[in-house]
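Student: Shown below is the structure under consideration.
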Amino acid sequence: TERTQTAPVNPYGKAKLMAEQIIRDVAAQDPSFRSGILRYFNVYGSDPEGRLGEYPRPGLRAFARITGACLDAALGLVPSLTIMGT
């Protein structure tokens, strides 16, 4: 949960945690800075058969690439962003 203590065990996790802290620091200093932090398993990449990845079939677009989906929503290319999971 959001209240779970963070304790990165490798440089990658530490870098992600530092990025979160930078976002929080900027938001604390500038109330007009709107942000959200998503923690997710790194699903970026391609499936050799083209089922998932940077260029999924249109039917999989909403489910296959979290990074691209977030950018599409932020740029207004899609009307909304649906987050599934816990």
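The values are calculated or read from the model by the stated rules, or taken from the named source; none is laboratory data. Only a predicted model underlies this, so the values are computations on that prediction, with no experimental measurement involved. Please note: Cβ atoms are built from the backbone with ideal geometry, for glycine as well, and neighbour counts cover all protein chains shown. Ligands, DNA and RNA are excluded from the accessible area calculation, which covers all protein heavy atoms including side chains. Shrake-Rupley method; radii C 1.70, N 1.55, O 1.52, S 1.80 Å.
Student: By accessible area of protein heavy atoms, probe 1.4 Å, what ranking do GLU20, GLU2 get, highest first?
Tutor: Largest accessible area first, the list is GLU2, GLU20.
Student: May I pose another question? Testing the spin-label approximation: label points 7 Å from Cα along Cα→Cβ at ASP25 and TYR12. State their distance in nm.
Tutor: 2.4
Student: Note down the nm distance, to one decimal, between modelled labels 7 Å out along Cα→Cβ at PHE33 and at GLN5.
Tutor: The modelled label-to-label distance comes out at 2.8 nm.
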